[in-house]
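As structure tokens, the structure follows; a few thoughts come after it.
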Amino acid sequence: MSDQLTLSAEPRERAGKGVSRALRREGRIPAVIYGDKKDPITIHVEERALNKLLGTGHFMNSLVMVDLNGEKTRTLPKDVAFDPVSDRALHVDFFRLAKGAKVQVDIPVVFVNEEESPGLKRGGVLNVVRFELDLMCDADKIPDQIEVDVTGLEIGDSVHISDVTLPDGSESSITDRDFTIAGVTAPSALKSSEDEAEEGEEGEEGEEGAEGEAAEGEGEAEGGSED
């Protein structure tokens, strides 16, 4: 399960672009806490502390306890706005979580036991359709990743969501279809050789047909001369 992270914050009394720019010059990042049918709270957090959490790689899938003047609020990060040039964080949205809440999150997929796939051993390629799964999870049980086992997959086989055992407290947000996560495809060299073989077979059939027609023509010509 994803770690629970903690981030200290201070109240932001005023809003606006000017105030936000001033905060960033001081090494602070403006943010907001909203949700759970309560009024939003405007805050700002230390940029270095935020960057440290962003560097974990699973910030968006983790519970974050925002400590505001000693009062802790359990949240889930919903959005981080970045500067398109410097890639610096500009603003963060935190969603306030109620007790027993379920949250919709994108969880990374990790493929395991590739050495146990006959198709991959033969030179097949693992074609990944979904690098993340859109899941509904208990807020207290958000997984770090979902492991997808490719044991036994041959070339042409696929893994669907119905083939994956999700952790307790998690279920797919997509329920109207059994979507594909990944499949094992033939390598391009093998595809090319198969295509060439098929073309060769078609060519041979064409030549045989032409030879047969030519022979029939000769026979008819000989028969006509006898008459």
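The values are calculated or read from the model by the stated rules, or taken from the named source; none is laboratory data. These numbers come from a predicted model, not from an experiment. Backbone-built Cβ (ideal geometry, glycine too); neighbour counts: all protein chains shown. Each accessible area value is taken on the protein alone, full model and side chains, heavy atoms only, with ligands, DNA and RNA left out. Shrake-Rupley method; radii C 1.70, N 1.55, O 1.52, S 1.80 Å.
For the range 105-180, the square roots a ≥ b ≥ c of the C-alpha gyration tensor eigenvalues yield an a/c of 1.5 or more together with a/b exceeding b/c, which makes the shape prolate. With all projection directions averaged, the alpha carbon convex hull of the range 1-56 covers 4.8 nm². Computed packing ranks the peptides 166-177, 110-121, 71-82 as 71-82, 110-121, 166-177, most packed first, by mean other Cβ atoms within 10 Å. Residues in the range 51-58 carry Karplus couplings, in order, of 4, 4, 6, 4, x, 5, x, 9 Hz; the curve used is 6.51 cos²θ - 1.76 cosθ + 1.60 with θ = phi - 60°, and Gly or Pro positions show x.
The charge dipole of the range 1-158, taken about its Cα centre with unit charges on the Cβ atoms of Lys, Arg (+1), Asp and Glu (-1) only, comes to about 960 debye.
Accessible area per residue for the range 25-119, computed on protein heavy atoms with a 1.4 Å probe, is 54 Å². Annotation for Thr151 and Phe131: the two label points, set 7 Å from Cα along the Cα-Cβ direction, are 2.8 nm apart. Could you let me know the centre-to-centre spacing of the range 20-54 and the range 113-185, using Cα atoms, in angstrom? Each part's Cα centre sits 36 Å from the other's.
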